[in-house]
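The values are calculated or read from the model by the stated rules, or taken from the named source; none is laboratory data. This is a predicted model, so every value here is computed, not measured. When we count neighbours, we look across all protein chains shown, and the Cβ atoms used for this are built from the backbone with ideal geometry, even at glycine.
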Amino acid sequence: MNEMISTLVFYAMAMVILGTALGVVMSRNLVHSALLMTACFIGVGMLFFYLDADFLGAMEFMLYSGGVAILVVMGVMLTKRHDGPPGNPFNNNTILALGGAGLFVLVMIGVVISTPAPAGGYVSPDTVNELADMMLNKYILPFEIAATLLLAALVGAIILAKGDGEA
Amino acid sequence: MHSGILYSLGQSLREILTSLIGVPILVDLLMTIICATILLLIMATSALVFTLGERKICAFIQVRIGPNRVGPGGLLQSVADMLKLMDKEDIVPRGIDKWLWVLSPILLLVPSALIYAFFPFDDGVILADVNVGLFLLIAITSQTILPFLMGGYSSNSKYSLIGGMRTVAQMLGYEVPMVFALMGIVMITGSLKMSAIVEAQSDVWFIVLQPLAFLIYIVTALVESNRPPFNIVEGESEIIAGPFTEYTGMRWALFFLAEFSNLMCIGILTTTLFLGGWHGPDFLPGFCWFWIKTLLCVLFYQWVGWTFPRARVDSMLSFGWKVLLPIALINVLLTGVGIYVYNVM
């Protein structure tokens, strides 16, 4: 019975994720698309919780649906033109789109087949400590490089936003 | 393992249910539903009580009379207000983005209600004691920004939109110092689990060990929950009511229910993180101490709002980024050095 409920929960979440993701590309209103993307992020966060990856799930909530999505929504709202055509127009490149999507599906199938499924080994209940240990000991160099890159991007964004004259 | 009246009450309820139903997963489900119902009731009642405080105690502090007609000393005023709100006409303005407009107040309530699952009310009385409790709590709280923005945008009114934009600037800006301030607590506890954080305060409360973080938290909590003097999102003298300018009746009331729920949340969080949670002298059970501390915190937060004039937008944002954030970072550094010295000694 537990297994059945667990499967049901998984399919419910999958439906939410796929439904909102479809909504993002199908909606004719760009703001609605951006908001549906937030719902999709929340669904993906739920999936992490379902897989017992608490920290990654919380991270998904915090960074993607809490930070990234809000910036996207705000950008869309502020740059929307009320006199122009609807923000998310459909076009007629069906054949190209089908080709691209088919190629992507093929690549994904290849990836799924060639990746060995992890054996259901021991998973530590305390993911936070393990993650911290890995980030600050084993992978300290990539971690620091990423941090420096982000800092450079931050400074660059501030300089761009300030403009030439006042800097 | 755990002691306390609430915990043993829950245990006996679970035993009764198990003997009646037998299927463990159904018992779990039923227990969760019962707990969630109790929490929702507490949330709804708190709105009623806090509105009364907002009117009577505020009037007393500001040397006014306040409501004094309904019931003895105006005590039934909140009930009358509630009935009035339910009776109001539901006005849907033209030219709005209907779906977003309807969903905004409803979605706003979801994160406000959800975080009650992570509060330890007594020894062992916590609905979801997850590993990353504090982090998840902050992550869920940050979801309240989007409904505000939705309401502000979909109302198709300039005051609403400005209010929505202010929400984003204010909440994103103050979330960063808040997270860094709470980092000190996590460093001392060595865990993000809410029950572990309360457990670590059984001897010394964190208000003693982390005074700087406490001060930063008070300010950021007021900002995050839109309380005066930092309620620039709805600044009545500037932008009417911000994101909820175009809402009436029960839809408007939902915004206020969420606001009062958030007020209680910051009271509970202050209690849990800095004031020792349910710890207290033995003559009262743990949950009594918890609620006494929480209500005092809420009174304090309301008092601040009744006393100080509203802050200006620009000065508030630069204060968050240029003053609070560096102080919070220094606090993290000091805490790290302190823990190192303590461990060496």
Can you confirm whether A:GLY23 is surrounded by fewer than 20 Cβ atoms within 10 Å (Cβ to Cβ), among the small types (Gly, Ala, Ser) and on the phi < 0 side of the Ramachandran plot? yes
Criterion violated by B:GLY124 - all others in (1) facing chain A (nearest Cβ under 10 Å); (2) modelled with pLDDT under 85 satisfied: (1)
Considering residues of region B:247-279 that are of a type outside the set (Ser, Thr, Tyr) and part of a loop (DSSP other than H, G, I, E, B) only, the residue modelled with the highest pLDDT: B:LEU275
For region B:34-49, enumerate the residues that are under 14 Å from B:SER261 (Cα atoms) and either among the small types (Gly, Ala, Ser) or touching a Leu at 6+ places or on another chain (Cβ under 6 Å) (or both). B:ALA44, B:SER46, B:ALA47
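Answer yes or no: is there a residue in region B:215-226 that is more than 30 Å from B:VAL132 (Cβ to Cβ) and part of a helix (DSSP H, G or I).
Keep residues of region B:215-226 that are more than 30 Å from B:VAL132 (Cβ to Cβ), which gives none.
Taking every residue of region B:215-226 in turn, none turns out to be more than 30 Å from B:VAL132 (Cβ to Cβ) and part of a helix (DSSP H, G or I).
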Hey, can you tell me all the residues within region B:171-196 that are assigned to a helix (DSSP H, G or I), buried (at least 23 other Cβ atoms within 10 Å of the Cβ) and either within 14 Å of chain A (Cβ to nearest Cβ) or in contact with a strand residue (DSSP E or B) (Cβ under 9 Å, 6 or more places away or on another chain) (or both)? B:MET171, B:TYR174, B:MET178, B:LEU182, B:MET194
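For (1) closer than 24 Å to B:PHE290 by Cα; (2) in contact (Cβ under 8 Å) with a residue 12 or more places away in the chain; (3) in contact with a Phe, Trp or Tyr (Cβ under 7 Å, 6 or more places away or on another chain), each residue gets a yes or a no:
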| position | (1), (2), (3) |
| --- | --- |
| B:GLN170 | no, yes, no |
| B:ALA181 | yes, yes, yes |
| B:VAL208 | yes, no, no |
| B:ILE218 | yes, yes, no |
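Can you name the residue in region B:1-34 that is of a type in the set (Ser, Thr, Tyr) and under 28 Å from the mean Cα position of the chain (by Cα) and, of all such residues, is surrounded by the most Cβ atoms within 10 Å (Cβ to Cβ)? If you could, list the steps in order and put the result at the bottom.
Step one: list which residues in region B:1-34 are of a type in the set (Ser, Thr, Tyr), which gives B:3, B:7-8, B:12, B:18-19, B:32.
Okay, now just the ones that are also under 28 Å from the mean Cα position of the chain (by Cα), so B:3, B:7-8, B:32.
Numbers: B:SER3: 11, B:TYR7: 19, B:SER8: 12, B:THR32: 13.
That would be B:TYR7.
crowded, with 21+ Cβ neighbours inside 10 Å, of a type in the set (Val, Ile, Thr) and over 21 Å from B:ALA258 (Cα atoms): is that true of B:VAL70 in this structure? It would help to see each step written out before you state the result.
Working: crowded, with 21+ Cβ neighbours inside 10 Å: no; of a type in the set (Val, Ile, Thr): yes; over 21 Å from B:ALA258 (Cα atoms): yes.
No, not satisfied.
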Taking region A:58-67 as the search range and keeping residues that are in contact with a helix residue (DSSP H, G or I) (Cβ under 8 Å, 6 or more places away or on another chain) and more than 8 Å from chain B (Cβ to nearest Cβ), which one is surrounded by the fewest Cβ atoms within 10 Å (Cβ to Cβ)? A:TYR64
Within region B:108-123, identify whether any single residue is crowded, with 23+ Cβ neighbours inside 10 Å, part of a helix (DSSP H, G or I) and more than 16 Å from the chain's Cα centre (by Cα), and answer yes or no. no
